[in-house]
Amino acid sequence: MNWQSTLEILQDNLGKALADTFFMVSIATVVGVVFGTLLAIALFLTQHHLFSPNAAVNNVVGFVVNAIRSMPFLILLVVLIPLIQLIIGDPYTPLGGAIALSIAAIPFFARIAENSFTEVDSGLIEAAIATGAPTRQILCDAIFPQALPSFIRGIVLTVISLLGYSAMVGTIGAGGIGDMAIQFGYNRYETGVLIAIVVLLVVLVQVIQWVGDLIARAVIH
Amino acid sequence: MEQPAPIIELRDICVRFQDGKRTVDAVKHVSLNVRKGEIFGIVGFSGAGKSTLVRTINLLERPSEGRVIISGRDVTDLRGKQLRELRRDIGMIFQGFNLIGNATVARNIAFALKAAGVPKQAREPRIRELLALVGLEDKADVYPSQLSGGQKQRVSIARALANNPQILLCDEATSALDLETTEGILSLLRRVNRELGVTVVFITHQLEVAQRIFDRVAVMESGRIVEHGPTFDVFRNPQETVTRGLIEQFLLSYRNVGALLSEETGEAA
Ligand SMILES: Nc1ncnc2c1ncn2[C@@H]1O[C@H](COP(=O)(O)OP(=O)(O)OP(=O)(O)O)[C@@H](O)[C@H]1O
Ligand SMILES: [Mg+2]
């Protein structure tokens, strides 16, 4: 192992790789949380007997969500490549990676958010309905604040999973630290680079988890 | 004696649940009238169908058969906006209080006001008024987890009364509270009934509560009302086995905590 070259590679590539990973993961998180939450609301409302029970809609949305979730990410990625190519041209870029990650993130987060909604005490929901409040108000002012801590934990879980997926996106050359690990650590036998990236990932995940737990705890009363 | 018109009229109500393959008849052909301004009680053992019956009044449970008539108007089939308007006129409190844990006392009450379209600037004075009514003036900015059970129930009463409802439904509202706290909540409810003229429908399996505040009482067993009438008459001269069972259970607990209950317990009847 050559420390000199390891350091040089890290210096030259790590910044860009981290930036790409950050770009992909943050876009996918935002897209996943926004659209996943919308799907979760649809799933929640259509299965709840006091809102708008609708087995047909619930089954269709549930099926689509499950279908995407049941695909291993690598396979989903391969399936998506032609589609991404159609949309943005070159799929082997951070933007291409971000799109693939986003599509995986939506159903992933949808189930998480649905869970945090269904965990809300049904008595509270009944009390809210009994006040005569419209559904939208019940969602925004009663269910959502109550689900917030578990919702935040769900976001943390999503970010960490996406970080893992983003490394897989790297294997097809879309950039990021996964890409870097493959290019240098694997293809060019730079074990030092590989170790550095592994350590970095471990630290990153710990920090994200720690910050997420802090926030989740801060919003509980 | 002249009979005031019923404010709540349940006509031949049935509620059936589909529990997997099994059909549960939770309420079977119940008819009953609640008079304006009274405190009407429903007692019965667990599983008798009390909650299910009372929940048909604000249509949290839609009856499988029968009609719900509120102030002379058939509301059974109301939906959407009209149903929400009806619910604003019927407050409800629960055994578990059911407050929004992640919102302050003030915001819990504001929730009901917002539901009725009360503009933001009008909410705060109304919240203060309601907190004064329930004796929690200094708790506006506190979270429910910092309150005792009795205080939580007071907040939920304030929330239920926020929009000046005509009717207050209480589902085991004191069952999670100790005797002393129960007494406080009961006298608050009696005040709400007498001073604000709110008609109260109160479910309980605690006879000590029943005899304290009910004007009239209905006894439920397996989905049916088996006996009803003025509280004093029903309990002095029980006709049904269930009623006797409830009284026996009460007397047993009375003997156990005898020292805590004084002679004045007969007063409410
Ligand atoms: N959503 C439901 N699905 C299926 N069965 C139900 C449902 N709700 C209530 N039941 C059943 O209906 C019956 C009456 O229940 P209900 O809650 O009205 O009784 P209760 O008199 O209020 O009892 P408790 O004193 O325990 O609150 C019970 O057998 C209960 O299991
Ligand atoms: Mg009950």
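The values are calculated or read from the model by the stated rules, or taken from the named source; none is laboratory data. Everything quoted here is computed from the prediction, not taken from an experiment. All Cβ positions, glycine included, derive from the backbone under ideal geometry; neighbour counts span all protein chains shown. We work out accessible area using only protein heavy atoms, side chains counted, and drop any ligands, DNA or RNA first. Shrake-Rupley method; radii C 1.70, N 1.55, O 1.52, S 1.80 Å.
Observations on the structure shown:
- Lysines with Cα under 16 Å of B:LYS139, excluding same-chain neighbours fewer than 8 positions away: B:LYS152
- Normalising the average separation of contacting C-alpha pairs (under 8 angstrom, six or more residues apart) by the number of residues puts the relative contact order of the stretch B:40-179 at 31 percent.
- Within chain B, longest stretch clear of exposed trypsin sites (Lys or Arg not before Pro) (DSSP loop, no more than 10 other Cβ within 10 Å): B:80-269
- Relative contact order of chain A, taken over Cα pairs closer than 8 Å and 6 or more residues apart, is 29 percent.
- Distant-in-sequence amide contacts of B:GLY44, defined by a placed amide H-H separation under 5 Å and a gap of 5 or more residues or a different chain, comprise B:THR204, B:MET220.
- Rounded to 5, the percent of DSSP beta bridges in chain B classed as antiparallel: 55
- Averaging over all projection directions, the Cα-based convex hull of the stretch B:44-100 occupies 5.1 nm² in the image plane.
- Computed over the Cα atoms of the stretch A:3-220, pair by distinct pair, the Kirkwood hydrodynamic radius stands at 18.9 angstrom.
- In the B-A interface, the accessible area buried, summed over both sides, Å² (probe 1.4 Å): 2000
- With coordinates expressed along the principal axes, the C-alpha atoms belonging to chain B extend over 54, 49, 46 Å, beginning with the largest.
- Expected 222 nm ellipticity per residue - DSSP helices of 4 or more, -39500 (n - 2.57), all of chain A, to 500: -27000 deg cm²/dmol
- With K and R counted +1 and D and E -1, the other residues having a Cβ less than 14 Å from that of B:ASP178 yield a net charge of -2.
- Bridge type composition, the protein assembly as shown - antiparallel percent by DSSP, nearest 5: 55
- 27 Å Cα-Cα reach of B:LYS21 towards lysines, excluding residues that sit fewer than 8 places from it in its own chain: B:LYS50
- Spatially proximal lysines relative to B:LYS81 (Cα-Cα < 19 Å; intrachain offsets below 8 disregarded): B:LYS114
- Annotation: amide H-H contacts under 5 Å for B:ALA173 (H modelled 1.01 Å from N, sequence separation of 5 or more, or interchain): B:ILE203.
- Partner shielding of A:130-143 amounts to 6, given as the average count of beta-carbon atoms from other chains within 10 Å of each residue beta-carbon.
- Carbon plus sulfur fraction of accessible area for the stretch A:3-220, probe 1.4 Å, in percent: 70
- Structural size metrics of the stretch B:151-204, computed from C-alpha coordinates, are Rg and Dmax of 10.4, 29 Å.
- For B:GLU227, the residues whose modelled amide H falls within less than 5 Å of its own, excluding neighbours fewer than 5 places apart on the same chain, are B:VAL219.
- Among residues other than B:GLU38 with Cβ under 12 Å from its Cβ, the summed charge is +4 (Lys and Arg +1, Asp and Glu -1).
- Whole-Hz couplings from phi, Karplus 6.51/-1.76/1.60, listed for the stretch A:96-107; x for Gly and Pro: x, x, 4, 5, 4, 4, 4, 5, 6, 6, 4, x
- Reduced Cα scattering model of the protein assembly as shown, Debye log10 I(q)/I(0), q = 0.07, 0.13 Å⁻¹: -0.52, -1.16
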